[in-house]
Each structure stands twice: as structure tokens, then as C-alpha cells.
2 protein chains.
Amino acid sequence: MRTSYHEELDSILDRLVTMAELVEVAIKEGSASLLDADLTRAETVITNDGELDAMHEEMEYKCLSLLALQAPVAGELRIIVSAIRVVFELARMGDLAVHVAKIARLRYPGSAVPASFEDSFREMSEISIEIVGRARAALQNRDAEEALRLAEIDERMDVLRHAQFTQLLAPGAEYSTEQAIDVALLGRYFERFADHAVAVARRVIYIMTGEVPEGEDWPNA
Amino acid sequence: MRTSYHEELDSILDRLVTMAELVEVAIKEGSASLLDADLTRAETVITNDGELDAMHEEMEYKCLSLLALQAPVAGELRIIVSAIRVVFELARMGDLAVHVAKIARLRYPGSAVPASFEDSFREMSEISIEIVGRARAALQNRDAEEALRLAEIDERMDVLRHAQFTQLLAPGAEYSTEQAIDVALLGRYFERFADHAVAVARRVIYIMTGEVPEGEDWPNA
């Protein structure tokens, strides 16, 4: 009985890693659909999100059942409680990738990204992919150090977001209403990718150390 | 020992209600600062959010400590695990109220809301206040029925959001880039208020019934 319970705990962590991998793909493909105005990729991201939502429901149910049926303590309890939060954060990242893909689809065959914003969104996309990759690695290697380093990348995202507003509102800039809406919302979605990845990292640190990082040096996602 | 533990559980639910009341005030005042271009109110919302963030950290710490030190089972476990999620959702609603207030402050002494969008944002604000009020009542009265009814109001928010985009992009509409950005982001923030309130309601239902509502009739916030 205890063995199968421990196997279930291991399988929970493995499933989180799998889910994080799916999120990495969703962000990568969602970004590509946006930057290359690629309708097929956009549709794939939107369709595949059902799998992430199903995993979210399945994992939440499994964790709540384990809590109810077993009497987990200490490290086991930390894993289960954290897993509930991590699957939620990962599912939200999947939803955000869908939001990005839907904007790409809405503007197809045109591009939702004005040419002068391409570099900015490309970098936002790279940061998002890197940050979720690091969160996945932290989960996979049970590595609190890796998780701690992740908060640094988040700052660059804020700088990019701020620069986008400056560019949109620069004197003489002529963007259409549609472009202004798209840039404002897309920037928000990419910013939130990073926030959610930071929240995942925070839970990895909690699983490994029993401490939840907080305070000024740690973004409260 | 058990008595003081049960007192702690009761005090957790009471603190959630208090936190929900603070969120109600934040949304009410944040909306008023926006609709009346009221700088003082905007500053108050921004300053007061520190209290919500502090409650979030304090409550999360308390719940994780209770999980670690006690061996909660069944209903007690459900309360603690749910409380961790509810404080997170409430803190996010506080952050969103700050986002709204910051946009109001940024545009002061002007208004961030174009005149032709006033009615729409007024209704969004009313829905947000009502939905968080209902979530608070559901928590206060441990009322799963109230929580279930809350998901209905969420639909009206989606209709309003959609209408805002239609209005922004209507042929002949002439909105500035700044106005387009503000309306797009504000609409998003109000939409998210409702999503987070739905997530709170979902946890109240779980506390009371042990079931987490999901599926097509229930928005997955």
C-alpha cells in the first residue's frame, strides 16, 4: 500500500514535468504562429490545449484524492499541495498560449505583430520559452537553485513590456486601433507567462526546502 | 490542542471573509477611481493593496504550517488546501484592482475611459462588485448553492468584453492609440475579476461538498 502510494507521488512529479513540456511546446508554437502568421500552428495550439486542461482536471482530482485517502506528511504533503498549484499555473500558461494563437488566427493571413514590434515579441517569446524550460528543469531535477535563478529573467520581460508602451505612444507613431489592442494584449500575455513560471519555481523551492520564497527580491506571481 | 486547532480553522475561514471584504472595497474604489477620474481613490487602492499582499503571505504560511504540523483529514484538510487557493485568488483580484487604479492615475486629470465606454465599464464594475460580494457571502455562509449561482453572472462579462472590441473596431470609430490600449487592458482586468471570483466559488463548493465542479457549464477559472 505505501509502495504504491510512493509510486503515485513519483508519478505526480513526472506528470508535472510532462505537462511543463506540453506547455513549452504550446508557447513555442503559439509564438511561432504569431511571428510567422502561421494558421496551421495556431489551430494546433488551440486544439492541443484540451490535453492540458484534461491533465489539469485529472491531476487536481488525483492530488485531492491522495490528500483525502492517504495521510500525507512532511515532504509528501508538500509535493501534493504544491502539485495542485503547479498544475493550475501550467494550465493557465496553456490558456495564455491559446490567447496568443487566437490573436494570430484572428489576423491571418495578416500578422498581428506590426513589423516594428517583431524584435520585441521575438525576444518576449524566447524569454517565455526559456523561463518555462527552466521551470521544467527545476521540477525534473528537483533543483531549488535552478528555480531561484529563474526570477532574474522575469525582470527583462518587464523592461520589454514597458518599451512596447513607449513605442506605441511615441510622438508621431501611427498605429491602428487594432494594432494597439493586439500589442497591448499580447504584451500582457507574454508578461503573464513569466509570472506563472515564477510561481511554478516558487513551488519547486517549497517542495525542496519547505520554505516559500517571498519579499522584495522575489516577484509575487 | 485540538480545540485550538479547530479555532485556527474557524479563524482561517473568517480571515478569508475579511480578505474578500477588502477585495470588494478595492474593486469598488478602483472602479470609482477609474469612472470618476479620482486620483485620491486611485492612490488609496494602490496603497491599501499592501495589506492584501501581507494577508496572502500570512495566510499561506499559516495554512502550510497547519498542514505540516497537524495531520488534518477530510473536511479540515479540504478547508486548509482550499484556503491556500482562495487567498491566492483574492490577492490576484487585489492586484487587478491596483492595475485598474494605476491606469486611472496615469491618465489623471483626464479619464482613461472614453465617454462612449462609460456605460460598459460601469456595468463591468457592477458585475465585478456583485460577483466578489457573492463569493464572499458563499464563504461567509458556507453556502455551496450561492457559489453555484455565481457562474451565471460571469457570462454577462464575456458579452460586454466582446462588445467593447466591436465598438473599438467599428468602421468610422476614431479612438486614439492610448484609448485603444486602455480599453483593451481594462476590459481584460474586469474579465479576470470575474474569473477569479468563479475560482473562489469553485473552492467553496469543494469545501462544502468535497466535489470540484467542472465541465462545460462551469467556467474553468
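Here are the numbers:
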{"item": "Listed residues A:L160, A:L69, A:L185, most fluctuating in chain A (Gaussian network, C-alpha, under 10 Å)", "result": "A:L69"}
{"item": "Whole-angstrom gap from the range B:103-153 to the range A:161-178, using each part's C-alpha centre", "result": "29 Å"}
{"item": "Least to most buried among A:D158, B:D53, B:D182 (fewest other Cβ within 10 Å first)", "result": "A:D158, B:D53, B:D182"}
{"item": "Among B:L90, B:A42, A:V100 - extreme Cα towards positive end, dipole of the protein assembly as shown, charges at beta-carbon", "result": "B:L90"}
{"item": "Note, ³J(HN,Hα) from phi for the range A:109-115, Karplus 6.51, -1.76, 1.60, rounded to Hz, x at Gly and Pro", "result": "x, x, 10, 6, 9, x, 3"}
{"item": "The protein assembly as shown, dipole about Cα centre (Lys/Arg Cβ +1, Asp/Glu Cβ -1), debye to the nearest 20", "result": "240 debye"}
{"item": "Nearest-first distances (nm) between copies at B:E155, label 7 Å from Cα via Cβ", "result": "4.8"}
{"item": "Position A:P171, label points 7 Å along Cα→Cβ, spacing to each other copy in nm (shortest first, one decimal)", "result": "3.6"}
{"item": "For the A-to-B rotation axis, chain A residue with nearest beta carbon and its distance in angstrom", "result": "A:A180, 2"}
{"item": "Ascending list, in nanometres, of distances separating the B:G75 label from those of the other copies (7 Å, Cα toward Cβ)", "result": "3.4"}
{"item": "Unit charges on C-beta of K, R, D, E only; dipole of chain A, Debye", "result": "280 debye"}
{"item": "For chain B, built as a Gaussian network whose Cα springs stay under 10 Å, the top-fluctuating residue of B:A71, B:A135, B:A54", "result": "B:A71"}
{"item": "Backbone N under 11 Å from the B:T209 label point (7 Å along Cα→Cβ), restricted to the range B:124-165", "result": "B:144-149"}
{"item": "Over 30 Å (Cα to Cα) - which of A:K102/B:K28; A:K62/B:K62; A:K28/A:K62 fall in this group", "result": "A:K102/B:K28"}
{"item": "Value of relative contact order over the range A:2-209, rounded to a whole percent, pairs C-alpha under 8 Å and six or more apart", "result": "29 percent"}
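Read-outs throughout are calculated quantities, based only on the coordinates presented, and are distinct from any laboratory measurement. Quick caveat, the model's predicted, so the values are computed rather than measured. All Cβ positions, even for glycine, are placed from backbone atoms using ideal geometry, and neighbour counts span all protein chains on display.
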